[in-house]
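So the structure is just underneath, and the comments pick up after that.
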Amino acid sequence: MKVLVNSEIVERKEVRVDIEDRGYQFGDGVYEVINVYNGVPFTLKEHTTRLYRSAKEVGIEIKEEPEVLIQKILRVIERNDMVNGGLYLQVSRGVAPRAHQYPSDIEPTLIAYPLPYKEMKHTRNDGVSVITAEDLRWLRCDIKSLNLLYNIMIKQKANEAGVFEAILIRNGIVTEGTSSNVFIVKRDEIFTHPANNLILSGITRSKLLEIFDNNGWKCNEQEFSKQELLAADEVFVTSTTSEVVPVISIDGTQVGDGKAGSMTKQIQQAFSELVKREVTKRG
Ligand code: PMP
(Lines give C-alpha, C1' and ligand atoms only; values in the text may rest on other atoms or scores of the structure.)
Protein backbone atom coordinates (compact mmCIF):
# COMPACT_ATOMS: atom_id res chain seq x y z
CA MET A 1 0.00 0.00 0.00
CA LYS A 2 1.21 3.48 -0.92
CA VAL A 3 0.69 6.22 1.64
CA LEU A 4 0.82 9.96 1.11
CA VAL A 5 2.85 11.64 3.87
CA ASN A 6 2.82 15.41 3.35
CA SER A 7 4.08 15.63 -0.23
CA GLU A 8 5.65 12.22 -0.60
CA ILE A 9 4.19 8.84 -1.49
CA VAL A 10 5.85 6.04 0.46
CA GLU A 11 5.28 2.36 1.18
CA ARG A 12 3.13 1.57 4.24
CA LYS A 13 6.08 0.01 6.09
CA GLU A 14 8.26 3.06 5.51
CA VAL A 15 5.83 5.42 7.29
CA ARG A 16 7.03 6.57 10.70
CA VAL A 17 4.79 8.37 13.17
CA ASP A 18 6.66 10.82 15.37
CA ILE A 19 5.89 10.14 19.07
CA GLU A 20 5.38 13.88 19.49
CA ASP A 21 2.92 14.22 16.65
CA ARG A 22 -0.07 15.90 18.32
CA GLY A 23 -2.46 13.71 16.36
CA TYR A 24 -0.92 10.74 18.14
CA GLN A 25 -0.68 12.35 21.59
CA PHE A 26 -3.85 14.45 21.77
CA GLY A 27 -6.02 13.41 18.84
CA ASP A 28 -5.25 16.97 17.75
CA GLY A 29 -6.30 16.85 14.13
CA VAL A 30 -9.11 16.41 11.64
CA TYR A 31 -9.95 13.81 9.01
CA GLU A 32 -12.20 12.67 6.18
CA VAL A 33 -13.22 9.39 4.59
CA ILE A 34 -14.02 9.66 0.90
CA ASN A 35 -15.61 6.85 -1.09
CA VAL A 36 -14.04 5.78 -4.34
CA TYR A 37 -16.28 4.18 -6.96
CA ASN A 38 -14.60 2.66 -9.97
CA GLY A 39 -11.47 4.69 -9.33
CA VAL A 40 -13.41 7.97 -9.04
CA PRO A 41 -13.70 9.78 -5.68
CA PHE A 42 -17.32 10.68 -4.92
CA THR A 43 -18.09 14.22 -3.63
CA LEU A 44 -14.38 14.99 -3.37
CA LYS A 45 -15.03 18.73 -3.38
CA GLU A 46 -17.54 18.47 -0.50
CA HIS A 47 -15.13 16.35 1.57
CA THR A 48 -12.19 18.68 1.05
CA THR A 49 -14.37 21.70 1.85
CA ARG A 50 -15.45 20.02 5.11
CA LEU A 51 -11.82 19.14 5.93
CA TYR A 52 -10.71 22.77 5.53
CA ARG A 53 -13.67 23.88 7.64
CA SER A 54 -12.90 21.41 10.45
CA ALA A 55 -9.23 22.45 10.35
CA LYS A 56 -10.14 26.14 10.50
CA GLU A 57 -12.47 25.58 13.46
CA VAL A 58 -9.65 24.02 15.51
CA GLY A 59 -7.03 26.51 14.29
CA ILE A 60 -5.04 24.20 12.00
CA GLU A 61 -3.82 25.89 8.87
CA ILE A 62 -3.61 23.41 5.99
CA LYS A 63 -0.65 24.59 3.90
CA GLU A 64 -1.84 23.38 0.50
CA GLU A 65 -4.48 25.14 -1.55
CA PRO A 66 -7.55 22.88 -1.92
CA GLU A 67 -6.71 22.28 -5.59
CA VAL A 68 -3.23 20.98 -4.65
CA LEU A 69 -4.70 18.72 -1.97
CA ILE A 70 -7.19 17.34 -4.50
CA GLN A 71 -4.31 16.53 -6.88
CA LYS A 72 -2.52 14.71 -4.06
CA ILE A 73 -5.63 12.66 -3.28
CA LEU A 74 -6.00 11.71 -6.94
CA ARG A 75 -2.35 10.62 -6.93
CA VAL A 76 -2.97 8.30 -3.95
CA ILE A 77 -5.92 6.70 -5.77
CA GLU A 78 -3.85 6.28 -8.92
CA ARG A 79 -0.69 4.97 -7.24
CA ASN A 80 -2.71 2.36 -5.36
CA ASP A 81 -4.73 1.37 -8.44
CA MET A 82 -7.80 1.90 -6.29
CA VAL A 83 -11.08 0.74 -7.77
CA ASN A 84 -13.58 0.68 -4.91
CA GLY A 85 -13.08 1.53 -1.25
CA GLY A 86 -12.54 4.38 1.15
CA LEU A 87 -9.79 6.95 1.03
CA TYR A 88 -8.66 8.06 4.49
CA LEU A 89 -7.34 11.60 4.79
CA GLN A 90 -5.95 13.03 8.01
CA VAL A 91 -4.36 16.32 8.99
CA SER A 92 -2.84 16.53 12.44
CA ARG A 93 -1.58 19.77 13.94
CA GLY A 94 1.97 18.48 13.63
CA VAL A 95 4.99 17.70 15.78
CA ALA A 96 6.01 19.72 18.87
CA PRO A 97 7.41 19.02 22.35
CA ARG A 98 4.53 17.69 24.42
CA ALA A 99 2.44 20.47 25.97
CA HIS A 100 -1.23 21.34 25.67
CA GLN A 101 -0.42 24.66 24.00
CA TYR A 102 1.41 24.60 20.67
CA PRO A 103 4.02 26.77 18.93
CA SER A 104 2.81 29.17 16.22
CA ASP A 105 5.23 27.80 13.60
CA ILE A 106 4.05 24.17 13.86
CA GLU A 107 3.65 22.39 10.49
CA PRO A 108 0.62 20.11 10.01
CA THR A 109 1.14 16.45 9.10
CA LEU A 110 -0.95 15.24 6.18
CA ILE A 111 -1.51 11.57 5.46
CA ALA A 112 -3.78 9.79 2.99
CA TYR A 113 -4.18 6.12 2.14
CA PRO A 114 -6.78 3.62 0.91
CA LEU A 115 -9.09 1.68 3.22
CA PRO A 116 -10.21 -1.77 2.10
CA TYR A 117 -13.53 -2.10 0.28
CA LYS A 118 -16.38 -3.33 2.49
CA GLU A 119 -19.15 -5.37 0.95
CA MET A 120 -22.41 -3.84 2.18
CA LYS A 121 -24.99 -5.35 -0.17
CA HIS A 122 -26.69 -7.56 2.42
CA THR A 123 -26.59 -4.83 5.05
CA ARG A 124 -28.28 -2.39 2.66
CA ASN A 125 -30.86 -4.90 1.44
CA ASP A 126 -31.79 -6.59 4.70
CA GLY A 127 -31.38 -3.71 7.12
CA VAL A 128 -29.70 -3.72 10.52
CA SER A 129 -30.38 -3.71 14.23
CA VAL A 130 -29.15 -0.86 16.41
CA ILE A 131 -29.07 0.12 20.05
CA THR A 132 -29.48 3.56 21.59
CA ALA A 133 -27.00 5.21 23.96
CA GLU A 134 -26.66 8.49 25.76
CA ASP A 135 -24.86 11.19 23.76
CA LEU A 136 -22.15 12.35 26.14
CA ARG A 137 -19.83 13.86 23.52
CA TRP A 138 -18.56 17.43 23.56
CA LEU A 139 -20.64 20.21 22.00
CA ARG A 140 -18.65 20.61 18.77
CA CYS A 141 -19.78 17.46 16.98
CA ASP A 142 -19.85 19.54 13.76
CA ILE A 143 -16.04 19.28 13.65
CA LYS A 144 -14.73 16.04 12.13
CA SER A 145 -12.00 15.72 14.72
CA LEU A 146 -9.67 12.80 15.43
CA ASN A 147 -10.99 12.81 19.00
CA LEU A 148 -13.40 9.91 18.61
CA LEU A 149 -13.06 8.39 22.06
CA TYR A 150 -16.73 8.46 23.04
CA ASN A 151 -17.86 7.40 19.54
CA ILE A 152 -15.43 4.48 19.78
CA MET A 153 -16.62 3.44 23.26
CA ILE A 154 -20.24 3.34 22.14
CA LYS A 155 -19.57 1.72 18.77
CA GLN A 156 -17.71 -1.00 20.64
CA LYS A 157 -20.78 -1.50 22.85
CA ALA A 158 -22.91 -1.85 19.72
CA ASN A 159 -20.42 -4.30 18.30
CA GLU A 160 -20.43 -6.37 21.47
CA ALA A 161 -24.25 -6.33 21.41
CA GLY A 162 -24.00 -7.77 17.87
CA VAL A 163 -25.61 -4.75 16.19
CA PHE A 164 -24.52 -2.41 13.43
CA GLU A 165 -24.66 0.98 15.10
CA ALA A 166 -25.65 2.91 18.22
CA ILE A 167 -27.99 5.88 17.89
CA LEU A 168 -27.11 8.68 20.29
CA ILE A 169 -29.70 10.48 22.41
CA ARG A 170 -29.02 13.86 24.03
CA ASN A 171 -31.63 15.05 26.52
CA GLY A 172 -34.23 12.76 24.96
CA ILE A 173 -33.45 14.01 21.41
CA VAL A 174 -31.96 11.80 18.69
CA THR A 175 -28.77 13.41 17.43
CA GLU A 176 -26.89 10.94 15.17
CA GLY A 177 -25.14 7.57 15.13
CA THR A 178 -21.58 7.03 16.38
CA SER A 179 -20.47 7.22 12.72
CA SER A 180 -23.64 8.00 10.81
CA ASN A 181 -26.57 10.39 10.50
CA VAL A 182 -30.08 9.27 11.44
CA PHE A 183 -33.34 9.76 9.53
CA ILE A 184 -36.89 8.70 10.34
CA VAL A 185 -39.98 8.50 8.12
CA LYS A 186 -43.37 9.27 9.61
CA ARG A 187 -46.51 9.44 7.46
CA ASP A 188 -44.42 9.91 4.29
CA GLU A 189 -42.43 12.79 5.79
CA ILE A 190 -38.73 12.52 6.54
CA PHE A 191 -37.09 13.96 9.66
CA THR A 192 -33.43 14.43 10.57
CA HIS A 193 -31.60 16.45 13.22
CA PRO A 194 -30.66 19.98 12.07
CA ALA A 195 -27.03 20.44 11.06
CA ASN A 196 -25.89 22.40 14.10
CA ASN A 197 -23.09 21.84 16.66
CA LEU A 198 -24.69 18.62 17.94
CA ILE A 199 -24.09 16.54 14.81
CA LEU A 200 -21.62 16.12 11.99
CA SER A 201 -23.11 17.53 8.82
CA GLY A 202 -22.72 14.33 6.78
CA ILE A 203 -21.96 14.57 3.08
CA THR A 204 -24.33 11.66 2.46
CA ARG A 205 -26.96 13.53 4.51
CA SER A 206 -26.48 16.69 2.37
CA LYS A 207 -26.74 14.69 -0.86
CA LEU A 208 -29.96 13.09 0.39
CA LEU A 209 -31.43 16.50 1.20
CA GLU A 210 -30.77 17.49 -2.44
CA ILE A 211 -32.42 14.26 -3.62
CA PHE A 212 -35.48 14.89 -1.40
CA ASP A 213 -35.78 18.39 -2.82
CA ASN A 214 -35.52 17.19 -6.41
CA ASN A 215 -38.10 14.45 -5.86
CA GLY A 216 -40.52 16.56 -3.87
CA TRP A 217 -40.11 14.33 -0.80
CA LYS A 218 -40.85 16.39 2.29
CA CYS A 219 -37.91 16.48 4.69
CA ASN A 220 -37.84 18.36 7.98
CA GLU A 221 -34.49 19.25 9.50
CA GLN A 222 -36.04 19.17 12.91
CA GLU A 223 -35.34 17.59 16.29
CA PHE A 224 -37.23 14.40 17.15
CA SER A 225 -37.33 12.39 20.34
CA LYS A 226 -36.33 8.85 21.20
CA GLN A 227 -40.07 8.04 21.47
CA GLU A 228 -40.62 9.34 17.94
CA LEU A 229 -37.66 7.26 16.75
CA LEU A 230 -39.16 4.11 18.25
CA ALA A 231 -42.61 4.89 16.82
CA ALA A 232 -41.34 5.80 13.31
CA ASP A 233 -42.66 4.02 10.20
CA GLU A 234 -39.10 3.73 8.86
CA VAL A 235 -35.63 4.52 10.15
CA PHE A 236 -32.35 4.64 8.26
CA VAL A 237 -28.77 5.72 8.90
CA THR A 238 -26.35 7.21 6.39
CA SER A 239 -22.61 7.55 5.96
CA THR A 240 -19.99 7.68 3.24
CA THR A 241 -18.99 4.03 3.49
CA SER A 242 -22.39 2.52 4.31
CA GLU A 243 -24.49 4.94 2.14
CA VAL A 244 -28.16 4.41 3.16
CA VAL A 245 -28.83 1.56 5.62
CA PRO A 246 -32.35 0.58 6.76
CA VAL A 247 -32.78 0.11 10.51
CA ILE A 248 -35.21 -2.71 11.30
CA SER A 249 -34.80 -3.01 15.07
CA ILE A 250 -33.89 -0.56 17.86
CA ASP A 251 -33.02 -1.84 21.34
CA GLY A 252 -34.77 -5.08 20.38
CA THR A 253 -37.98 -3.30 19.30
CA GLN A 254 -39.02 -3.87 15.70
CA VAL A 255 -39.24 -0.80 13.43
CA GLY A 256 -42.39 -0.70 11.26
CA ASP A 257 -42.99 -4.17 9.86
CA GLY A 258 -39.41 -5.23 10.63
CA LYS A 259 -38.24 -4.98 7.01
CA ALA A 260 -36.43 -2.32 5.00
CA GLY A 261 -39.08 0.37 4.40
CA SER A 262 -40.39 1.23 0.94
CA MET A 263 -39.45 4.91 1.22
CA THR A 264 -35.97 3.89 2.41
CA LYS A 265 -35.62 1.63 -0.64
CA GLN A 266 -36.62 4.46 -2.97
CA ILE A 267 -34.06 6.71 -1.29
CA GLN A 268 -31.35 4.04 -1.65
CA GLN A 269 -32.21 3.71 -5.33
CA ALA A 270 -32.12 7.47 -5.89
CA PHE A 271 -28.78 7.72 -4.07
CA SER A 272 -27.23 4.91 -6.16
CA GLU A 273 -28.38 6.66 -9.31
CA LEU A 274 -26.84 9.92 -8.12
CA VAL A 275 -23.52 8.17 -7.41
CA LYS A 276 -23.58 6.53 -10.83
CA ARG A 277 -24.28 9.85 -12.55
CA GLU A 278 -21.60 11.75 -10.63
CA VAL A 279 -18.83 9.18 -11.05
CA THR A 280 -19.45 8.75 -14.77
CA LYS A 281 -19.56 12.50 -15.29
CA ARG A 282 -16.17 12.91 -13.62
CA GLY A 283 -14.62 9.66 -14.80
N1 PMP B 1 -21.82 11.46 11.98
C2 PMP B 1 -20.65 10.99 12.44
C3 PMP B 1 -20.34 11.14 13.90
C4 PMP B 1 -19.75 10.37 11.57
O5 PMP B 1 -18.57 9.91 12.02
C6 PMP B 1 -20.09 10.20 10.21
C7 PMP B 1 -19.16 9.49 9.27
N8 PMP B 1 -18.19 10.36 8.79
C9 PMP B 1 -21.31 10.73 9.76
C10 PMP B 1 -22.16 11.34 10.68
C11 PMP B 1 -21.73 10.62 8.31
O12 PMP B 1 -21.00 11.54 7.53
P13 PMP B 1 -20.66 11.28 6.00
O14 PMP B 1 -21.96 11.03 5.30
O15 PMP B 1 -20.01 12.53 5.54
O16 PMP B 1 -19.76 10.09 5.95
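The values are calculated or read from the model by the stated rules, or taken from the named source; none is laboratory data. Being a predicted model, the structure only gives us computed values, none of them experimental. Positions of Cβ are generated from backbone atoms using ideal geometry, with glycine treated the same way; all protein chains shown enter the neighbour counts.
How many of the residues making up segment 245-261 are hydroxyl-bearing (Ser, Thr, Tyr) and in contact (Cβ under 8 Å) with a residue 40 or more places away in the chain?
Qualifying residue count, segment 245-261: 1.
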Scanning segment 64-102 for residues that are in contact with a helix residue (DSSP H, G or I) (Cβ under 9 Å, 6 or more places away or on another chain) and in a loop (DSSP other than H, G, I, E, B), which turns out farthest from ILE19 (Cα to Cα)?
-> MET82
Residue tally, condition in contact (Cβ under 8 Å) with a residue 60 or more places away in the chain and under 17 Å from MET1 (Cα atoms), over segment 11-31 | 2
What tally of residues in segment 187-219 results from selecting those that are surrounded by 13 or more Cβ atoms within 10 Å (Cβ to Cβ) and more than 14 Å from the ligand (Cβ to nearest atom)?
-> 6
Return only the number of the condition from (1) more than 28 Å from GLY216 (Cβ to Cβ); (2) touching a residue at least 40 places away in the same chain (Cβ under 8 Å) that VAL174 does not satisfy.
-> (1)
What are the pairs, 6+ residues apart or on separate chains, where a residue within segment 32-58 that is under 16 Å from LYS72 (Cα atoms) and in the same structural domain as GLU78 (by TED's automatic domain parsing) has its Cβ under 6 Å from a residue that is basic (Lys, Arg) and in a helix (DSSP H, G or I)?
-> VAL40/ARG282
Just wondering, is there one or more residues in segment 109-116 that are at pLDDT below 95 and either under 25 Å from SER180 (Cβ atoms) or touching a strand residue (DSSP E or B) at 6+ places or on another chain (Cβ under 6 Å) (or both)?
-> yes
Of all residues in segment 8-24, which are farther than 15 Å from VAL58 by Cβ and not in a strand (DSSP E or B)?
-> ARG12, LYS13, GLU14, VAL15, ARG16, VAL17, ASP18, ILE19, GLU20, TYR24
Taking segment 25-47, which residues are surrounded by fewer than 18 Cβ atoms within 10 Å (Cβ to Cβ) and assigned to a loop (DSSP other than H, G, I, E, B)?
-> GLY27, ASN38, GLY39
Output the residues belonging to segment 220-234 that are without any contact (Cβ under 8 Å) to a residue 60 or more places away in the chain and either surrounded by 17 or more Cβ atoms within 10 Å (Cβ to Cβ) or not assigned by TED's automatic domain parsing to the domain that holds ASP142 (or both).
-> GLU223, PHE224, ALA232, ASP233, GLU234
